Amino acid sequence: MSQRHKEARFNAKLRPDMTPQQIAEMFDDFADDYDELKEVGFSYVDALDPAQKMLDVAKTRNVYRRLICAFMDKNRVEEIETDFYDCITATAAFNEGLVPCNAFPQMIRIVKPGGRIVFTVPQRNIDNAVEYRGRLLPLIDKMAAEGVWDVTAVPLADGELSHALGPGFFTV
């Protein structure tokens, strides 16, 4: 792993100057060390990641039905049909250089009506990531006001999302 990539893995402040390709390479660099993935009772689980090596390692876990190498951003991921998933989760994805605010329309596109989008965003990312500072929470609220989704979770002081229904739920 290049020293810059190694440092950027643990220091998101280094990511704004990285290209999307460098971000993907960073994840490729630590794919072998990524935590084991496990099924928790879902029938079909697909993986989307911009780093091919992350997907190669995920394939060995025999958890995922499809492995899609792409960024989740404003661009349509052609491999994913509209209204396809009951639920999508974004684990550690709302971080500097990863999922941008303009990805929400695509996330909504691929979730069935009444489906869920689940994610958490640490307060440090809301406050410090260039992409999210002053934008993410107002955008979430704006989309709720427009009827795009129902926010069924609220941000807490530490940035975690929580509600009686569970952490970080958005119903589309």
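Looking only at helices (runs of 4 or more DSSP H) that fall completely inside segment 3-87, which ones have 2 or more residues that are at pLDDT 85 or above and within 16 Å of the chain's Cα centre (by Cα)? Helices (runs of 4 or more DSSP H) meeting the threshold: 52-60. Against the test of being outside any helix (DSSP H, G or I), free of Cβ contacts under 8 Å to residues at least 12 places away in the same chain and at positive phi, the options Gly134, Gly114 yield a single qualifying residue, Gly134. Of the residues that make up segment 92-104, is at least one over 15 Å from Glu131 (Cβ atoms) and either touching a residue at least 24 places away in the same chain (Cβ under 8 Å) or over 13 Å from the mean Cα position of the chain (by Cα) (or both)? No, segment 92-104 has no match at all.
Within segment 88-105, the set of residues being part of a strand (DSSP E or B) and closer than 14 Å to Val121 by Cα comprises Thr89, Ala90. Filtering segment 94-119 to residues that are surrounded by fewer than 20 Cβ atoms within 10 Å (Cβ to Cβ) and among the β-branched types (Val, Ile, Thr) leaves Ile108, Val118.
Among the numbered conditions (1) under 25 Å from Met18 (Cβ atoms); (2) at pLDDT 90 or above, the only one that Ala93 does not meet is (2).
The values are calculated or read from the model by the stated rules, or taken from the named source; none is laboratory data. Predicted model, so just to flag it, every value in this text is computed and none were measured. Using ideal geometry, Cβ is built from the backbone for each residue, glycine included, and neighbour counts are taken over all protein chains shown.
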